[in-house]
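The values are calculated or read from the model by the stated rules, or taken from the named source; none is laboratory data. Keep in mind that this is a model prediction, so the values were computed, not measured. Here the Cβ positions follow ideal geometry from the backbone for every residue, glycine too, while neighbour counts run over all protein chains shown.
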Amino acid sequence: MQRPDVNRSSFDQYMLPNYAPMNLVAQRGSGSRLWDQDDREYMDLSGGIAVNAFGHCHPELVATLRAQADTLWHVSNVFTNEPALQLAQQLVELTFAERVFFANSGAEANEAALKLARRRGWHRVGPEKHRIVAARGAFHGRTLFTVTAGGQAKYTQGFEPAPEGFSHVPYNDLDALRASMDDSVCALLLEPIQGESGVHPASREYLAAARALCDEHDALLIFDEVQTGVSRTGDLYAYMGYGVVPDLLTTAKALGGGFPISALLATEDSAPFLPTGTHGSTYGGNPLGCQVARKALEIATRPELQDNVRQRSAQLHQHLVALDQKFQCFTEIRGKGLLLGAQLNEPWAPHLRDCLQAAVEQGVMVLSAGADTLRFAPALVITEAELETAMARLERALAQVAANL
Ligand SMILES: *Cc1c(COP(=O)(O)O)cnc(C)c1O
């Protein structure tokens with residue numbers, strides 16, 4: 001193998017310090033396995049933060065991308081293209097949506113959803129109908145608008161003045177939500193399962209009441225399914241499992257299985273509020289991304305894949321219970337499908353980063369969420385045997401941390 005001319009310390013030399021990546025440089029991946037520059041193997045339970053839903057370099061996605069690369073890369077939105085139209089049609093057939101807008105990231109899809117809701121309020125009532133209600137501990141992206149929607153001070157501090165017109169309510173608290181909703185609200189923005197802040201699922205009653213409150217106050221219900229979408233929870237979108245249908249839904253992360261693409265799904269009623277010229281994206285609807293996403297959605301909707309999500313979820317859950325019995329490390333195990341969080345208890349919580357580090361040393365990649373939660377978002381195609389290998393490595397990692405508690 002050729003000797004690499006960059007390594008982890010190159011990050012500190014050349015890159016802005018806004019990330020603090022773990023001490024390995026990923027070089028290649030296949031399925032749920034990844035190798036670093038020293039050819040060390042890792043089992044990947046991080047899934048690129050719920051992006052690599054089909055593992056690394058899924059052969060069908062690779063073939064699709066290769067074929068599209070030989071056909072058409074980009075045309076802009078001055079012209080449309082077949083993969084974009086076909087992907088929009090597919091999303092409409094598979095979900096509540098009747099209209100689709102394409103962008104490139106979760107934040108951009110949310111930005112479009114919030115802009116649509118603002119403009120709808122403005123058009124139907126007037127500028128006073130502009131308030132956006134969102135949940136504490138939410139995560140909706142890093143643009144100034146979406147980071148303000150998220151309402152976590154650590155992400156907005158120092159970036160003020162922030163956009164105005166947001167109200168934040170405690171998540172899953174129905175009384176607080178009811179108290180915050182009135183006719184000045186143009187949109188209620190919620191994650192069905194809060195991913196970044198610790199894998200907190202909403203209750204069904206909460207989402208159903210959110211739906212009713214939005215109807216009562218003529219506000220749009222927006223589900224941010226950037227993390228929960230594309231069969232992550234075992235349903236194509238989490239709203240399907242909850243049986244609560246939003247007006248707008250944002251999807252990104254796994255939508256392209258690692259190729260950057262996102263979409264805003266909308267109803268026919270809400271679509272006219274982004275008329276020609278009011279919003280756009282240079283790369284949105286790019287044929288490469290759309291063609292890959294078409295194949296990704298096709299794989300994501302196969303019954304055997306969704307069955308695998310449920311079976312591997314139960315297997316992962318059992319292992320987490322067993323780890324807790326062995327090390328007394330968790331207060332709660334939460335989540336759905338292959339988005340699970342295991343919250344560390346008090347003696348363990350200060351060692352969250354040590355757990356991630358020890359995991360890497362033992363050859364398994366896991367995520368954190370919030371201040372004290374281990375998060376698992378493996379490929380939806382991970383096999384029983386791969387998960388066994390990964391959890392055996394995680395057990396060794398936790399034993400290493402336990403020895404130093
Ligand atoms: C990751 C995430 C986003 C932001 O997506 P980007 O592609 O990083 O902009 C938004 N909402 C949720 C729920 C997410 O998990």
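For P21, the conditions (1) surrounded by fewer than 21 Cβ atoms within 10 Å (Cβ to Cβ); (2) more than 16 Å from the ligand (Cβ to nearest atom) are fulfilled apart from (2). Residue under question is A322, and the condition is that it be in a helix (DSSP H, G or I), hydrophobic (A, V, I, L, M, F, W, C), within 16 Å of the ligand (Cβ to nearest atom) and at pLDDT 95 or above; does it hold? Considered against the rule, which asks whether it is in a helix (DSSP H, G or I), hydrophobic (A, V, I, L, M, F, W, C), within 16 Å of the ligand (Cβ to nearest atom) and at pLDDT 95 or above, A322 comes out as no. Scanning region 177-187 for residues that are touching a Pro at 6+ places or on another chain (Cβ under 9 Å) and either aromatic (F, W, Y) or crowded, with 23+ Cβ neighbours inside 10 Å (or both) yields a total of 0. Count of region 196-208 residues, restricted to those that are without any contact (Cβ under 8 Å) to a residue 60 or more places away in the chain and within 12 Å of the ligand (Cβ to nearest atom), is 0.
Among the residues of region 1-59, those identified as under 19 Å from L387 (Cβ atoms) and among the hydroxyl-bearing types (S, T, Y) are S30, S32, Y42, S46.
Listed by first and then second residue, the pairs linking a residue in region 88-116 that is within 12 Å of the ligand (Cβ to nearest atom) to a residue that is in a helix (DSSP H, G or I) and among the polar types (S, T, N, Q), with Cβ atoms under 6 Å apart and 6 or more places separating them unless they lie on different chains, are A107/T146; N110/T146; E111/T146.
Here is a yes/no grid of residues against (1) of a type in the set (S, T, Y); (2) within 13 Å of the ligand (Cβ to nearest atom); (3) over 21 Å from N104 (Cβ atoms):
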site: A210; (1), (2), (3): no, no, yes
site: T228; (1), (2), (3): yes, yes, no
site: V245; (1), (2), (3): no, no, yes
site: A254; (1), (2), (3): no, yes, no
site: F259; (1), (2), (3): no, yes, no
site: L264; (1), (2), (3): no, yes, no
site: L274; (1), (2), (3): no, no, no
site: N286; (1), (2), (3): no, no, no
site: R294; (1), (2), (3): no, no, no
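Only residues that are under 23 Å from S313 (Cβ atoms) and not in a strand (DSSP E or B) were counted across region 214-255, and they come to 24. With the structure loaded, tell me whether T228 is at pLDDT 95 or above, of a type in the set (S, T, N, Q) and more than 25 Å from A300 (Cα to Cα) or whether it fails that test. Considered against the rule, which asks whether it is at pLDDT 95 or above, of a type in the set (S, T, N, Q) and more than 25 Å from A300 (Cα to Cα), T228 comes out as no.
What is the residue count in region 135-146 for residues that are closer than 18 Å to G370 by Cβ and near the ligand (Cβ under 10 Å from one of its atoms)? Qualifying residue count for the region: 5.
Among A349, A397, A369, A358, which is of a type in the set (G, A, S), without any contact (Cβ under 8 Å) to a residue 24 or more places away in the chain and over 15 Å from R33 (Cα atoms)? The unique qualifying residue is A349.
Report yes if R393 is among the basic types (K, R) and crowded, with 19+ Cβ neighbours inside 10 Å, otherwise no. So R393 fits the description; yes.
Given the criteria in contact (Cβ under 8 Å) with a residue 60 or more places away in the chain, closer than 20 Å to E98 by Cβ and within 12 Å of the ligand (Cβ to nearest atom), does A238 qualify? Taking the combined requirement at face value, the residue satisfies it. Restricted to region 115-199, the set of helices (runs of 4 or more DSSP H) holding at least 2 residues that are modelled with pLDDT under 95 comprises 153-156. State all residues of region 333-368 that are small (G, A, S) and either assigned to a helix (DSSP H, G or I) or farther than 14 Å from R232 by Cβ (or both); if no residue qualifies, say none. Matches in region 333-368: A342, A349, A358, A359, G363, S368. Entry remark, region 243-273: residues being in contact with a Lys or Arg (Cβ under 6 Å, 6 or more places away or on another chain) and surrounded by 23 or more Cβ atoms within 10 Å (Cβ to Cβ) number 1 in total. Scan region 118-132 for residues that are more than 16 Å from the ligand (Cβ to nearest atom) and under 22 Å from V169 (Cα atoms) and the total you get is 6. When restricted to residues that are within 13 Å of the ligand (Cβ to nearest atom) and touching a helix residue (DSSP H, G or I) at 6+ places or on another chain (Cβ under 9 Å), region 149-195 contains 10.
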